[in-house]
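One structure is given below, encoded as structure tokens.
We did not get these values from a lab; they are worked out from the coordinates using the rules stated. Please read these numbers as outputs of a predicted model, since none were measured by experiment. Cβ placement follows ideal geometry from the backbone for every residue including glycine, while neighbour counts extend to all protein chains displayed.
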Amino acid sequence: MTVDKTAIRDAATVIVLRDRATHPRVLMGQRGAKAAFMPSKFVFPGGAVDPGDTEVALHATLTDLCISRLREDSQSDLSHALPVAAIRELWEETGLALGRSGAWTGRPPSDWATFADLGLLPVADQMQFVFRAITPPGRPRRFDARFFLVDAAHIAGDLDDFSAASEELSHLQWVPLQEARALDLPFITEVVLAELEARVADPAPPASVPFFKNNDEESLFLRMYGHAHPD
């Protein structure tokens, strides 16, 4: 089957925040120079939702507030697939596992086998949905990306061990939050970092979620409050 590279794909991005109360740092890596999307840019771990993400069970789900905000202004309910994709991409790109001890029921999918080998089940209850952005028209790839924030304290294992990471991101590192915007970043990453700096002292979920809605007709900056999803 041929994939339409100009179609907008649902995606999940993970902002892992370390030492929040003292010297906050965020986990970032650099995309390859030959990457079709955002080459050489420093980014947070993340990627597109895979069809199999709907089939992976979460040991603990998102909060009801995050679920309602994810459902807002969405044609389909991705409140399960998106956090699964976020946890999978974090594991694949960094080797860091957002999970708790437990045994899988049945054989895990192939892309979760090494995660399961650690004796971990994926968990999403400590993830906060904090930002959403659609890639503007005219780019070689377009994504409807949802950004999730999680405290590094909820990562299982050594936070400085990236030995299980794929080669998709290089120069994986914990960047001081106040220095991150000096890196070569995509515009939207700069915006997300500014939002994060403004609320790093408040561990509660944001009162509303910013949404850069770049569709083919117009660009809008909206805020989502978690309206009820229509039946």
TODO: Could you grab the relative contact order for the range 20-224? Cα pairs under 8 Å, six or more apart, rounded to a whole percent.
DONE: 27 percent
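T114 to E167: extension gain in nm, 0.36 nm per residue of separation minus the Cα-Cα distance?
Full extension of this stretch gives 17.5 nm more.
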TODO: Provide the packing ranking of 119-126, 203-210, 160-167, i.e. peptides ordered by the mean count of other C-beta atoms within 10 Å per residue, highest first.
DONE: 119-126, 203-210, 160-167
Open item on the list: Full-extension gain between D73 and D125, please, as 0.36 nm times their residue separation minus the C-alpha to C-alpha distance.
Closed with: 16.5 nm
Open item on the list: Once each part is reduced to its C-alpha centroid, what is the distance from the range 164-222 to the range 7-80 in angstrom?
Closed with: 11 Å
- [ ] Using the charge dipole of the chain (Lys, Arg: +1 at Cβ; Asp, Glu: -1 at Cβ; taken about the Cα centre), state which of A198, V26, C66 has its Cα farthest towards the positive end.
- [x] A198
- [ ] Determine the gain in length on full extension of the stretch A60-H154; use 0.36 nm per residue of separation and subtract their C-alpha separation, reporting nm with one decimal.
- [x] 32.6 nm
TODO: Quick one: dipole size for the range 20-224, taken about the Cα centre, charges +1 on Lys/Arg Cβ and -1 on Asp/Glu Cβ, in debye to the nearest 20.
DONE: 280 debye
TODO: Treat the range 20-224 as a sphere of radius equal to its Kirkwood radius over Cα pairs and apply Stokes-Einstein at 25 °C in a medium of 0.890 mPa s; give the translational diffusion coefficient in µm²/s, rounded to a whole number.
DONE: 138 µm²/s
